[in-house]
Amino acid sequence: MSVLRTIEGKIEGLFEGVFGRAFRSHVQPVELARKLAKEMDDHRAASVSRTYVPNRYTVYLSPGDRGQFTGFEPSLVDELEQYLAAHADRAGYALVTPPAVELTTDGDLAVGEFGIAVRVV
C-alpha cells in the first residue's frame, strides 16, 4: 500500500507543480482542507491499540493569500478544524485534543503557495 501512496504522491506533486506554476491563483479553502487531511494521514502514528494523528496544524500563507481570508478567517479556521475532526473520526484516528488550525503569514511564499506544519501537543 505504501508503494501506491508513494507513486500517487509523486504523480500528484508533478501534476500540481507543472500546472500550479502555469496557472497560479490564490489558495482556496477547499485546497487547504484537502492538504490538511493529507498531512493528518501522512503523520499518523500507530500505538498499541490506536492510531494517533497530529492535533496542531499551522498553515503558512503568502501575504496575498492570507489577505483574501481577512473577512472570514475565524469562520474558515473553525470550518477547517471541524473538517479535520470529521476526517479523523471517519478514518478511526485518535486525537489527544480536538484539532487546532492556525493561519500565519510567510512573506517568502508567492501567491498560490502554502506550507503546513503539524505536531502533537
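Laboratory data are not the source of any read-out in this text; all were calculated from the coordinates shown. Values in this document were obtained by computation on a predicted structure and should not be read as measured data. Because the Cβ atoms are built from the backbone with ideal geometry, glycine has one as well, and the counts that use them run over all protein chains shown.
Between R34 and A46, what is 0.36 nm times their sequence separation minus the Cα-Cα distance? Round to one decimal in nm.
That pair, R34 and A46, stretches by 2.1 nm at full extension.
How charged is the neighbourhood of E73? Take every other residue with its Cβ under 15 Å from the Cβ of E73, and add Lys/Arg as +1 and Asp/Glu as -1.
-4
Give, as ranges by residue number, the residues of region 95-118 whose backbone N falls under 16 Å from the point 7 Å along Cα→Cβ of T58.
100-109, 114-118
Could you quote the convex hull projected area for region 43-121, Cα atoms only and averaged over all directions, in nm²? If you can, show how the numbers build up before the last one.
Working: hull surface 22.0 nm².
Averaging across all directions leaves 5.5 nm² for the Cα convex hull.
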